[in-house]
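*Asks:* Mind having a look at this structure? Questions to follow.
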Amino acid sequence: MFTVELYAGIRRAVMVDGLSRREAAKRFGVHRNTITKMLQFSVPPGYRRRERPASKKLGPYMAWIDKVLEADRSVHKKQRHTAHRIFERLRAEEGFSGGYTIVRQYVAQATQRAREMFVPLSHRPGHAQADFGQADGYIAGKKVRFHYFCMDLPHSDGGFVKAYPAETAEAFCDGHVAAFDFFGGVPQSILYDNTRLAVAKIVKGGRRLRSHMFAELQSHYLFDDRFGRPGKGNDKGKVEGLVGYVRRNFMTPLPVADSFDALNARFLDACAKRRQAILRGQSAIGERMQADTSAFMPLPPAPYDACHKVATRVSSMSLVRYKNNDYSVPTRHGHQEVLAKGYVDRVEIASRGEIIATHVRSYGKAEFIYNPLHYLALLEHKSKALDQAAPLDGWRLAECIHRLRRLMEARMGNPGRREFIQVLRLMEDFHQHQVEEAVAQALQLGAISFDAVKMLLLARLENRPARLDLTFYPYLPAATVGATDPRAYLGLIASAGENTASVGSFA
């Protein structure tokens, strides 16, 4: 290849000094045709091929290769043809006799031509994108894989993130509620992928049928929803970028927290601090968010109740099944129709508009989540089941409670066991530690009865001395003590004088 200096020397000799092409060819030792090409370009143009030469051996098979590559677009990317696989099929199915290199080069060129191109987009204020991501962390000392909801404001790059134990519909909706509260308003529209949490089905013409819970959320906040093309994450590239940014910056190294609430408090603080960041030489995120928030719709008077509702029935064991787990309710609601409401962190069970039970939600399977207090009323009538009652397994009670039971059963037998269950039932209305303190005081006083424990408990709460009303204890022996009359002392003195005289006469 000729150097730029040679180009400059020849062009100057011919175009400035007036040297003929023949003379220039002699002086510089190049062909006259080369001189002609150098006069057309100021620098060496390099090798240029007008069109791709058709391989004589591969030419008849190019259409077949193009057809295979076109069909691969609708196949999972991990099952698409490689150049080597196409070469093997050409030899086995089409009788190709050429080499592998020309096949590999053609496949590489065809793949490059088929690569998608994109149009730069501008983002108006007041719109958002949402998606979920996954990461690992240590929650309450245990390594778990959690899911985190992200909402991004493409105009300002403002973001929100919240972690959840699972990617569920209630977590999806709760993430929206928390994000709207964090931003102080509702975006005009939100862009999603075709997640099952929002889209129940895609029907003919690309129309989306919304899931029931997402439709409720949208009706509550009145934002418009938009959906990207199936399998095209780049349609919502802003939130995809936020998902990656959060994983690299908020979750590296692996986060450690006592609970999801503690973890989300850290994420919320990190999102607030990120508003000070300046991206791509523009103003700070917080400043650009002012245009977003001014274009937002106002929040409704009350937030959406982000829960999954299931109408069900209480079983004969006073259990309600929700998401493959069983949760207890008070036995008086047995066999009734109830409504199970699954939140991210808890399960509430309602009957006739009243919450009758609340449990910490379990994300396991085939688990039984009991509240021992729900079964005490039934155990009072079936006291022989006390030692085998599964709801009471693992119930941690103070030693004084167990001592009270031993004393009651030793003194009264089965009636003592029932009275002990009555003592436990005080925990239905009072805190466990309050009942345990009253039991300990009753043991110190030797008052081994339900009434004594209840009286001491009420006295503690009312901050007054305990006074037992004996009318409630008819089985105790009654004692009558009369008031002393002062005149009775005269009789005692006279009686003492007579005794002294009788002693003297005997002597």
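The values are calculated or read from the model by the stated rules, or taken from the named source; none is laboratory data. Keep in mind that what you see is a predicted model, and the values were worked out from it rather than measured. A quick note on method: Cβ atoms are made from the backbone with ideal geometry, for glycine too, and the neighbour counts reach across all protein chains shown. Note: accessible area is taken over every heavy atom of the protein model, side chains too, but ligands, DNA and RNA are not part of it. Shrake-Rupley method; radii C 1.70, N 1.55, O 1.52, S 1.80 Å.
*Asks:* Report whether or not L404 is out of contact with any Pro (no Cβ under 8 Å at 6 or more places or on another chain) and not in a helix (DSSP H, G or I). Talk me through it step by step, then tell me what you get.
*Replies:* Working: out of contact with any Pro (no Cβ under 8 Å at 6 or more places or on another chain): yes; not in a helix (DSSP H, G or I): no.
No: the conditions fail for L404.
*Asks:* Given the criterion among the small types (G, A, S) and either touching a residue at least 40 places away in the same chain (Cβ under 8 Å) or surrounded by 15 or more Cβ atoms within 10 Å (Cβ to Cβ) (or both), identify the matching residue among A265, A295, A302. So that I can check it myself, show each step before the final result.
*Replies:* Details: A265 fails: either touching a residue at least 40 places away in the same chain (Cβ under 8 Å) or surrounded by 15 or more Cβ atoms within 10 Å (Cβ to Cβ) (or both); A302 fails: either touching a residue at least 40 places away in the same chain (Cβ under 8 Å) or surrounded by 15 or more Cβ atoms within 10 Å (Cβ to Cβ) (or both).
The conditions single out A295.
*Asks:* Still on this structure, please answer the following. Can you spot a residue in the range 259-274 that is in a loop (DSSP other than H, G, I, E, B) and more than 15 Å from the chain's Cα centre (by Cα)?
*Replies:* no
*Asks:* Right, next: Step by step: first the residues of the range 270-292, then only those that are among the charged types (D, E, K, R) and under 16 Å from L242 (Cα atoms), then the one that is least open to solvent (accessible area, probe 1.4 Å). Which residue is that? Walk me through it before giving the result.
*Replies:* Within the range 270-292, the subset among the charged types (D, E, K, R) is 273-275, 280, 287-288, 292.
Narrowing the set further to residues that are under 16 Å from L242 (Cα atoms) leaves 273-275, 280.
Working: K273: 134, R274: 39, R275: 70, R280: 154 Å².
So the residue we want is R274.
*Asks:* For the range 72-123, which positions are aliphatic (A, V, I, L, M) and closer than 26 Å to K56 by Cβ? It would help to see each step written out before you state the result.
*Replies:* First, the residues of the range 72-123 that are aliphatic (A, V, I, L, M): 75, 83, 86, 90, 92, 102-103, 107-108, 110, 114, 117, 119, 121.
The answer is A83, I86, L90, A92, I102, V103, V107, A108, A110, A114.
*Asks:* Condition check: crowded, with 16+ Cβ neighbours inside 10 Å and part of a loop (DSSP other than H, G, I, E, B). Does M213 satisfy that?
*Replies:* Numbers: crowded, with 16+ Cβ neighbours inside 10 Å: yes; part of a loop (DSSP other than H, G, I, E, B): no.
When the stated conditions are applied, M213 does not pass them.
*Asks:* While we're looking at this one, here's another question. Quick one: would you say E409 is of a type in the set (D, E), open to solvent by 60 Å² or more (accessible area, probe 1.4 Å), assigned to a helix (DSSP H, G or I) and out of contact with any Pro (no Cβ under 6 Å at 6 or more places or on another chain)? Before the answer, list the steps.
*Replies:* On the way: of a type in the set (D, E): yes; open to solvent by 60 Å² or more (accessible area, probe 1.4 Å): no; assigned to a helix (DSSP H, G or I): yes; out of contact with any Pro (no Cβ under 6 Å at 6 or more places or on another chain): yes.
So E409 fails the test.
*Asks:* Only one of A179, A163, A198 is among the aliphatic types (A, V, I, L, M), modelled with pLDDT under 95 and crowded, with 22+ Cβ neighbours inside 10 Å. Can you tell me which? Can you show your working first?
*Replies:* Working: A179 fails: modelled with pLDDT under 95; A163 fails: modelled with pLDDT under 95.
Only one candidate passes the filter, namely A198.
*Asks:* Examine the range 186-203 for a residue that is free of Cβ contacts under 8 Å to residues at least 12 places away in the same chain, more than 24 Å from Q276 (Cα to Cα) and over 21 Å from the mean Cα position of the chain (by Cα), and state whether such a residue exists.
*Replies:* Within the range 186-203, the first condition is being free of Cβ contacts under 8 Å to residues at least 12 places away in the same chain, and the residues that meet it are 201, 203.
Now drop any that are not more than 24 Å from Q276 (Cα to Cα), which leaves 201, 203.
If we keep only those that are over 21 Å from the mean Cα position of the chain (by Cα) as well, we get 201, 203.
Yes, because at least one residue in the range 186-203 is free of Cβ contacts under 8 Å to residues at least 12 places away in the same chain, more than 24 Å from Q276 (Cα to Cα) and over 21 Å from the mean Cα position of the chain (by Cα).
*Asks:* Does R104 count as touching an Asp or Glu at 6+ places or on another chain (Cβ under 7 Å), modelled with pLDDT of 85 or more, open to solvent by 90 Å² or more (accessible area, probe 1.4 Å) and over 30 Å from L153 (Cα atoms)? Spell out the reasoning first.
*Replies:* On the way: touching an Asp or Glu at 6+ places or on another chain (Cβ under 7 Å): no; modelled with pLDDT of 85 or more: yes; open to solvent by 90 Å² or more (accessible area, probe 1.4 Å): yes; over 30 Å from L153 (Cα atoms): yes.
No, not satisfied.
*Asks:* Just give me the residues in the range 233-256 being surrounded by fewer than 18 Cβ atoms within 10 Å (Cβ to Cβ) and not in a helix (DSSP H, G or I), in sequence order.
*Replies:* T252, P253, L254, V256
*Asks:* Across the range 343-357, what is the total count of residues that are over 11 Å from V320 (Cβ atoms) and under 21 Å from the mean Cα position of the chain (by Cα)? Break it down stepwise before answering.
*Replies:* Going through the range 343-357, the residues over 11 Å from V320 (Cβ atoms) turn out to be 343-346, 352-355.
If we keep only those that are under 21 Å from the mean Cα position of the chain (by Cα) as well, we get 343-346.
Final tally of qualifying residues: 4.
*Asks:* Let me ask you something else. Assess whether D224 counts as being surrounded by fewer than 18 Cβ atoms within 10 Å (Cβ to Cβ) and touching a residue at least 12 places away in the same chain (Cβ under 8 Å). Full working, then the answer.
*Replies:* Numbers: surrounded by fewer than 18 Cβ atoms within 10 Å (Cβ to Cβ): yes; touching a residue at least 12 places away in the same chain (Cβ under 8 Å): yes.
Yes: the conditions hold for D224.
*Asks:* With the structure loaded, tell me whether F182 is within 17 Å of F250 (Cβ to Cβ), of a type outside the set (A, V, I, L, M), in a helix (DSSP H, G or I) and out of contact with any His (no Cβ under 7 Å at 6 or more places or on another chain) or whether it fails that test. Spell out how you get there, then give the answer.
*Replies:* On the way: within 17 Å of F250 (Cβ to Cβ): yes; of a type outside the set (A, V, I, L, M): yes; in a helix (DSSP H, G or I): yes; out of contact with any His (no Cβ under 7 Å at 6 or more places or on another chain): yes.
In short, yes.
*Asks:* I'm trying to understand the selection: among the residues of the range 313-342, which are within 18 Å of G353 (Cα to Cα), open to solvent by 30 Å² or more (accessible area, probe 1.4 Å) and of a type outside the set (A, V, I, L, M)?
*Replies:* Hits for the range 313-342 are R313, T331, R332, H335, Q336, E337, K341.
*Asks:* I'd like to check which helices (runs of 4 or more DSSP H) are fully inside the range 1-112 and have at least 1 residues that are of a type in the set (G, A, S).
*Replies:* Working: elements: 4-15, 21-28, 32-40, 62-71, 83-93.
Counting at least 1 such residues, we get 4-15, 21-28, 62-71, 83-93.
*Asks:* Restricting to the range 429-457, name every residue that is open to solvent by 20 Å² or more (accessible area, probe 1.4 Å) and within 42 Å of the chain's Cα centre (by Cα).
*Replies:* Just the residues of the range 429-457 that are open to solvent by 20 Å² or more (accessible area, probe 1.4 Å), to begin with: 429-434, 436-437, 440-441, 443-448, 450-451, 454-455.
Passing the criteria: D429, F430, H431, Q432, H433, Q434, E436, E437.
*Asks:* For the range 134-157, give me the residue count where each residue is crowded, with 21+ Cβ neighbours inside 10 Å and part of a strand (DSSP E or B). Explain how you work it out, then say what you get.
*Replies:* Initially, the range 134-157 is screened for residues crowded, with 21+ Cβ neighbours inside 10 Å, giving 148-154, 156-157.
Checking the rest, the ones that are also part of a strand (DSSP E or B) come to 148-153.
Here the count works out to 6.
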